[in-house]
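Engineer: Following this message is one structure expressed as structure tokens.
The values are calculated or read from the model by the stated rules, or taken from the named source; none is laboratory data. Computed from a predicted structure; not experimentally measured. Neighbour counts are summed over all protein chains in view; Cβ atoms, including those assigned to glycine, are modelled from backbone coordinates with ideal geometry. Note: accessible area is taken over every heavy atom of the protein model, side chains too, but ligands, DNA and RNA are not part of it. Shrake-Rupley method; radii C 1.70, N 1.55, O 1.52, S 1.80 Å.
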Amino acid sequence: MFDHSKARSARYLRAVLVSALAFIGHAAQAQAQPAYPDHPVRLIVPQSAGSGADVVARLLSEKMASALGASVVVENKPGANGIVATSYVAKAPADGYTLLLAGVSQMSFNPKLYKSLPYDANKDFTYIAPVVDTPFVLVAGKSSPYKNLQQLLAAAKATPDSVTFASAGAGNSTHLSTEMIAAGAGIKLRHVPYKGSGPALNAVIGGQVDVMTSVLGSALPQIEAGNVIPLAILAEQRASDLPNVPTLKEAGIQAPAMPGWFALVGPAGTDGAIVSKLNGAIQAAIADPAVNKRLKDLYFVPMQGSANAMRARAEDDAKVWGEFIASTGVQVD
């Protein structure tokens, strides 16, 4: 006679054995996977060497490496208003080894400026951490006839499109910020785009172009050297190193403060544990006293917060500046 109880016992034992083998297999697989990171992390910068983003990346990379236990290699991939670097990272494996120091231009402005992009700012990236923000300053060359903002506005109103302004490229924050000033003041300025903020600022210093809106940290050495004249601060408060330079609001121009933030992002689908580890490494680097002081000396304001909070800010800036771009008709392609 067939013994059903023995058959059930055999099936039970087989099931237990299969489960045990599966558990051992998963455990062995997990044990075999190296802990992140086990080789160098690449930090892609969408600007050229010596730019503000490059300076920030190189300041943070050494301290990030200490926190992660692996080297962080900074790579510059400038071009097309950050599109070259941003699309490159969007297509990289989501393994935490290829990251982008993304600026507000790439994540919030470009989607509103370009009819088509090789990346989707909302879908192609995992936000990791906020990094820094920075104020902007409107400057004129030392040989310029404009010694204050009122003189510039008067000239532009008297002869529309006669006053020229440089930018680091069409659609760049240095472009949009000056268009914002013109819109708030009801004037028309003539845009002269350059390939990068350095060449644009040099054109103002050399007198080829009248004015430029520059990151304060980049412009300050030229202001202190007397090569350019500061006309207005594009922030809510005056800069401590330029206490006599008014904000746009104080000068009677109603306009939103220009965002100049950078954030750390990776390809979409980056694992949450990797995001958490990278967020901690960024915060540790920013909190280092020497790094923190150096950032502040360069007028970069260290930021703190979660990945979700940074994504929310990027989306909010895209909405605000998207409306501005639509209202003024600024287009790049």
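Engineer: Given N residues in region 218-265, what is its alpha carbon radius of gyration divided by 2.2 N^0.38 Å? Display every interim value, and only then the final one.
Structural biologist: Numbers: Rg = 12.5 Å, N = 48, 2.2 N^0.38 = 9.6 Å.
Relative to the 2.2 N^0.38 Å estimate, region 218-265 comes out at 1.30.
Engineer: Moving on. If you take the C-alpha gyration tensor of the chain, multiply each eigenvalue by 5 and take the square root, what semi-axes do you get, largest first, in whole Å? Before the final figure, lay out each step's value.
Structural biologist: On the way: eigenvalues 516, 85, 49 Å².
Semi-axes from the Cα gyration tensor: 51, 21, 16 Å.
Engineer: I've got another one for you. Compute the distribution of all C-alpha to C-alpha distances in region 88-181, in bins of 5 Å from 0, and list the percent of pairs in each, rounded to whole numbers.
Structural biologist: The distribution over region 88-181 is 2, 10, 17, 18, 14, 11, 9, 7, 7, 3, 1, 0, given as percents.
Engineer: Of Gln222, Gln150, Gln47, which has the largest mean-square fluctuation in a 10 Å C-alpha GNM of the chain?
Structural biologist: In this elastic network of the chain, the residue with the biggest mean-square fluctuation among Gln222, Gln150, Gln47 is Gln150.
Engineer: When N counts the residues of region 191-333, how does its alpha-carbon radius of gyration compare numerically with 2.2 N^0.38 Å, as a ratio? Don't skip to the end; give the middle numbers.
Structural biologist: Numbers: Rg = 18.0 Å, N = 143, 2.2 N^0.38 = 14.5 Å.
My calculation over the Cα atoms of region 191-333 gives 1.24.
Engineer: For region 282-333, with equal point scatterers placed on the C-alpha atoms only and solvent neglected, what are the log10 I(q)/I(0) values from the Debye formula at q = 0.18 1/Å, to two decimals?
Structural biologist: Taken in order of the listed q values, log10 I(q)/I(0) reads -0.75.
Engineer: In region 33-131, carbon and sulfur make up what percent of the accessible area (probe 1.4 Å)?
Structural biologist: Working: 1940 of 3760 Å².
Reported share for carbon and sulfur atoms: 52 percent.
Engineer: Could you work out the Rg to Rh ratio of region 242-312, with Rh taken as the Kirkwood radius (inverse of the mean 1/r over all Cα pairs)? Display every interim value, and only then the final one.
Structural biologist: Values: Rg = 16.4 Å, Rh = 15.0 Å.
Expressed as Rg/Rh, it is 1.10.
Engineer: Same structure, new question: Considering only Gly82, Gly52, Gly69, give the residue with the highest GNM mean-square fluctuation for the chain, with springs between Cα atoms whenever their separation is below 10 Å.
Structural biologist: Evaluated over the chain, the most mobile residue of the options is Gly69.
Engineer: Rounded to two decimal places and with Rh computed the Kirkwood way over Cα pairs, what is Rg over Rh for region 182-230? Numbers along the way, then the final one.
Structural biologist: Numbers: Rg = 11.4 Å, Rh = 11.6 Å.
Checking Rg against Rh, the ratio lands at 0.98.
Engineer: From the residues Val228, Met258, Val211, which one has its Cα farthest along the dipole of the chain in the positive direction, the dipole being from +1 and -1 charges on Cβ of Lys/Arg and Asp/Glu about the Cα centre?
Structural biologist: Result: Met258.
Engineer: Express in % the proportion of alpha carbon pairs of region 31-116 at distances exceeding 20 Å.
Structural biologist: Details: 1386 of 3655 pairs.
Everything past 20 Å amounts to 38 percent.
Engineer: Shifting gears a bit: Measure out, as a whole number of angstrom, how far apart the alpha-carbon centroids of region 206-248 and region 274-315 sit.
Structural biologist: The two parts, judged by their Cα centres, are 25 Å apart.
Engineer: If the only charges are +1 at each Lys and Arg Cβ and -1 at each Asp and Glu Cβ, what is the size of the charge dipole of the chain around the Cα centre, to the nearest 20 debye? Display every interim value, and only then the final one.
Structural biologist: Working: 27 positive and 24 negative charges, 108 e Å.
With only Lys, Arg, Asp and Glu charged at Cβ, the dipole is about 520 debye.
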